Amino acid sequence: MVVPAGDFIVGTVELKSNVTLHVSSSGRLLGSGKPEPYTAGKGVPPGNGNVVLLYAVDADNVTIEGRGIIDGQGDKFYTGKGDNTGPGGNRAEGYVARPHQAIFYRCRNLLVRDVFFTRSAYHCMRILECRYVHLDGVRIHNRVNLNNDGFHINSSQYVSIANCHVTCQDDACALFGSNKFVTVTNCTFSTRWSIFRFGAGRRRTSRYPTA
Amino acid sequence: MIYDTYGCVIKMRFGAESRVENVAFSNLIMNNATGPISIGLDSSPRRPAQRKPRWARRL
C-alpha cells in the first residue's frame with residue numbers, strides 16, 4: 001500500500017497481516033480534522049481510548065515505512081481537556097474519544113521505520129501486548145494536544161527502539177504493564193512531562209511463555 | 001540525548017503487585033532537564049491485610 005506524493009485525508013485505517021504501508025518522501029497522510037471518519041479499532045481494548053487513525057490487531061509482519069509524513073491534525077481536537085489518567089484525576093470525565101495516531105494490539109514482527117509522525121490528537125504510537133517490535137529512524141513531533149505521548153508500550157516483549165527522535169508534550173516513552181526485553185538506543189527525546197515512565201497500568205500475566 | 005525536558009527524565013512508580021527488575025540505563029546525556037530521576041512507591045493501605053507486595057531490583 002503506497003501513499004504517493006501529495007496530501008491524502010483519511011479516517012480510521014486497519015492494517016492486516018503482511019501489509020506494508022509505504023509513505024513516499026513527498027507524501028502526507030493526513031488524519032481528518034473531524035471526528036466522524038474515525039472509529040474505535042476493532043478488537044482494541046477501550047482503556048485509554050481506542051479511537052485511532054492507523055491500527056492493527058492480531059496481525060503479523062505489519063510494516064510502516066518511508067520518509068513521508070503521517071499528520072494527525074490533532075490540534076483540531078483540542079478542547080483544553082485531558083484524559084484525567086493522572087493521580088487524582090476523574091477518568092470518567094476524561095477526554096479519550098479522540099484518535100490516537102497508531103495502535104498495534106497483539107501484533108508480531110512489527111516494523112516502523114523512517115516515517116515522521118506529527119500532530120496526534122492523543123498518543124502517537126501505542127504498542128499493546130506485541131512481540132518482536134522494531135522502531136527505527138522514526139521521528140515524532142507531538143505537541144498540539146494534551147496527553148500527546150510519543151511511544152506508549154504496554155505489556156510487550158522484544159521491543160527495540162533505535163535512532164528515533166521524539167519531541168512530545170506528555171510521556172515520551174511510557175512502559176506500562178509487564179514489558180520484557182525492551183531496548184532503547186541512540187535516540188533523542190524532549191518532552192514537557194516524563195521521558196521514560198515506568199510503573200503505571202496494571203500488571204498482567206503475559207500471554208507469552210517466558211523464554 | 002535528553003534535552004529541554006520540563007518534567008522527569010526517568011520516572012518509576014511502583015504500585016501494588018508491581019515487579020521491576022533488570023533495568024539499565026547507560027550513556028544518558030541530559031541537557032536542560034528539570035527532574036532527572038524519580039523512583040518511588042505508591043502509597044500502600046494502612047491495614048497490613050490489604051497490602052500487596054511490590055519490589056524492584058537490579059536497577
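The values are calculated or read from the model by the stated rules, or taken from the named source; none is laboratory data. All of these numbers come straight from a predicted model, not from anything done at the bench. Neighbour counts run over all protein chains shown; Cβ positions are idealised from the backbone, glycine included. Accessible surface areas use protein heavy atoms only, side chains included; no ligands, DNA or RNA. Shrake-Rupley method; radii C 1.70, N 1.55, O 1.52, S 1.80 Å.
Using a simple spin-label model with pseudo-atoms 7 Å out from Cα toward Cβ, B:ARG47 and A:LEU30 lie 5.8 nm apart.
Computed over protein heavy atoms with a 1.4 Å probe, the carbon and sulfur contribution to the accessible area of chain B reaches 48%. Is the shape of segment A:15-136 rounded, prolate or oblate, going by the alpha carbon gyration tensor and its root eigenvalues a ≥ b ≥ c, with a/c under 1.5 for rounded and a/b larger than b/c for prolate? Cα axes put segment A:15-136 in the oblate bin. Rounded to the nearest 100, the interface formed by chains A and B buries 1500 square angstrom of accessible surface, both chains summed, with a 1.4 Å probe. Annotation for A:ASP7 and B:TRP55: the two label points, set 7 Å from Cα along the Cα-Cβ direction, are 5.7 nm apart. For the peptides B:31-37, A:41-47, the ranking by packing is A:41-47, B:31-37, with the highest mean count of neighbouring Cβ atoms within 10 Å listed first.
For segment B:2-57, relative contact order (Cα pairs under 8 Å, six or more residues apart, normalised by length) works out to 52 percent. Projecting the Cα atoms of A:THR12, B:ILE37, B:ASN27 onto the charge dipole of the protein assembly as shown, computed from C-beta unit charges around the Cα centre, puts B:ILE37 farthest toward the positive end.
Note on A:VAL13: accessible area approximately 40 square angstrom, rounded to 10, probe 1.4 Å, nucleic acids and ligands left out.
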